[in-house]
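Notes follow once the structure below has been shown.
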Amino acid sequence: MQIGAYIREQPKVLAELPAKTAAALAGFKSLAKKPERIVLVGTGSSMNALLCAADAFEELTGATVVAKEPEAYLRLPPKPDGRHTLVVVASQSGTSLAPVEAAKKALAAGFAVVAVTGDGESALAKTGADALVMPIGAETVGPKTKGYTATVLSLFAIAAKLGNRKLDLSALVKPLEATVETGLAAAKDLLARYGVPDYILMAGQSQHLGSALESGLKIAEISGVPTAGFDTEEALHGHSYGTTKQSLVVMIAQNEAEAKVAANLGEALTPLGPRLVIANLSGHATRFDLVVDWPKAPEYDWLASSWAPIPFQWYACELAQARGVDPDKMIYPGLGDKLNVRPPKPKA
């Protein structure tokens, strides 16, 4: 299972990324002036990463922040209105057609554009945007893990640069290694306790809306177990009614208030049959908490969505293997190539 090796690479990748990208960010003309409007453009995992960073962009710059799928950007692009506008386009492969076209359109409109990608030779990197090429090495399997968490952290690094904040995660290698290994143990425990659920509902809020969406995406695409991600408020306003006694609800909580809301849902819902667990990063313990060692670094609370999905990357693999699915290949290998979202691969 190659994906397991990539999951285990994340502590080193994340801890080193701020230092490795600092020089590039310092030289970007697009970041020389603090924006008044920021438009975040991406799809799939890239959009999930952008949603994780949206609040940080707003808090550190004071800018108005809007997130758009590339197709929506192309259909209704923001109009120049006198505000200094920064467009941030994320695509790990850099080959998806719509993000590349969105970047070109943003540049043609005169906006400052930063592209975040894992491939410096990709079409996105060559649009003319300031390209932040993530220093993550190869990730040859279909479902991306270190590519996702590195994208989240790269976006936080951009936000920090705009907000004159310094990022130094070098001390987090060991704590994150503990997160990876205890996350694996928690994933195995979930499978042992509950088997393969008929449905998994993931929920989080603020930065962890993206964490919930990404965790659900990984579970669905790797294992094929029906999974959906929601904002916590959405989950509380009806979506829990779609669960059964064979379902699992997973709440992601960053602070005490969120942990209490998640635990209250557990107290109300579990007597009716569905199961519930909390990925609790708050330090305010509840009886529903997954046993995971999260980094104890309050100054990095706003970065926690860079590592919150790690236990669920493992859980997706555990579920896949329980169902006889190869975690490296995703539930429907090759489906993405038939959906015309990337240029066709050259014929051999």
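Which numbered condition trips up Met202, out of (1) without any contact (Cβ under 8 Å) to a residue 60 or more places away in the chain; (2) under 22 Å from Ser46 (Cα atoms); (3) not in a helix (DSSP H, G or I)?
(1)
Return the residue satisfying two criteria in turn: it lies in the stretch 19-44 and is within 29 Å of Ile219 (Cβ to Cβ) and out of contact with any Pro (no Cβ under 9 Å at 6 or more places or on another chain), and of such residues it is modelled with the highest pLDDT.
Here the residue is Leu40.
Quick check: is even one residue across the stretch 146-165 surrounded by fewer than 24 Cβ atoms within 10 Å (Cβ to Cβ) and without any contact (Cβ under 8 Å) to a residue 60 or more places away in the chain?
yes
Conditions tested, residue by residue: (1) without any contact (Cβ under 8 Å) to a residue 40 or more places away in the chain; (2) within 21 Å of Lys144 (Cα to Cα).
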{"site": "Asn48", "(1), (2)": "no, yes"}
{"site": "Ala53", "(1), (2)": "no, yes"}
{"site": "Phe57", "(1), (2)": "no, no"}
{"site": "Val65", "(1), (2)": "yes, no"}
{"site": "Glu69", "(1), (2)": "yes, yes"}
{"site": "Leu74", "(1), (2)": "yes, no"}
{"site": "Pro77", "(1), (2)": "yes, no"}
{"site": "Thr85", "(1), (2)": "no, no"}
{"site": "Val89", "(1), (2)": "no, yes"}
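Within the bounds of the stretch 247-264, is there any residue that is surrounded by fewer than 16 Cβ atoms within 10 Å (Cβ to Cβ), in contact with a Phe, Trp or Tyr (Cβ under 9 Å, 6 or more places away or on another chain), at pLDDT 95 or above and not hydroxyl-bearing (Ser, Thr, Tyr)?
No; the residues of the stretch 247-264 include none that is surrounded by fewer than 16 Cβ atoms within 10 Å (Cβ to Cβ), in contact with a Phe, Trp or Tyr (Cβ under 9 Å, 6 or more places away or on another chain), at pLDDT 95 or above and not hydroxyl-bearing (Ser, Thr, Tyr).
So, in the stretch 111-121, how many residues would count as being within 21 Å of the chain's Cα centre (by Cα) and either crowded, with 18+ Cβ neighbours inside 10 Å or of a type in the set (Phe, Trp, Tyr) (or both)?
6
What's the total number of residues in the stretch 1-44 that are touching an Asp or Glu at 6+ places or on another chain (Cβ under 6 Å) and farther than 19 Å from Tyr315 by Cα?
Looking only at that region, the number is 3.
I'd like to verify a number: residues in the stretch 45-69 that are under 21 Å from Pro99 (Cα atoms) and open to solvent by less than 40 Å² (accessible area, probe 1.4 Å), how many?
Within the stretch 45-69, residues that are under 21 Å from Pro99 (Cα atoms) and open to solvent by less than 40 Å² (accessible area, probe 1.4 Å) number 11.
When the stretch 93-110 is examined, which residues are found to be more than 20 Å from Ala150 (Cβ to Cβ) and surrounded by fewer than 22 Cβ atoms within 10 Å (Cβ to Cβ)?
Leu97, Ala98, Glu101, Lys104, Lys105, Leu107, Ala108, Ala109, Gly110
What tally of residues in the stretch 290-310 results from selecting those that are within 27 Å of Gly4 (Cβ to Cβ) and either aromatic (Phe, Trp, Tyr) or buried (at least 20 other Cβ atoms within 10 Å of the Cβ) (or both)?
13
Which residue, of Leu269, Leu276, is more than 19 Å from Phe312 (Cα to Cα), touching a strand residue (DSSP E or B) at 6+ places or on another chain (Cβ under 9 Å), at pLDDT 95 or above and open to solvent by less than 60 Å² (accessible area, probe 1.4 Å)?
Leu269
Can you confirm whether Ser30 is in contact with a Ser or Thr (Cβ under 6 Å, 6 or more places away or on another chain) and either among the hydroxyl-bearing types (Ser, Thr, Tyr) or outside any helix (DSSP H, G or I) (or both)?
So Ser30 fails the test.
Would a scan of the stretch 172-187 turn up a residue that is in contact with a helix residue (DSSP H, G or I) (Cβ under 6 Å, 6 or more places away or on another chain) and surrounded by fewer than 18 Cβ atoms within 10 Å (Cβ to Cβ)?
Checked the stretch 172-187: at least one residue is in contact with a helix residue (DSSP H, G or I) (Cβ under 6 Å, 6 or more places away or on another chain) and surrounded by fewer than 18 Cβ atoms within 10 Å (Cβ to Cβ).
The values are calculated or read from the model by the stated rules, or taken from the named source; none is laboratory data. On a predicted model such as this, the values are computed, not experimentally measured, just so you know. Neighbour counts are summed over all protein chains in view; Cβ atoms, including those assigned to glycine, are modelled from backbone coordinates with ideal geometry. Side chains are part of the model used for accessible areas, which takes the heavy atoms of the whole protein and leaves out ligands, DNA and RNA. Shrake-Rupley method; radii C 1.70, N 1.55, O 1.52, S 1.80 Å.
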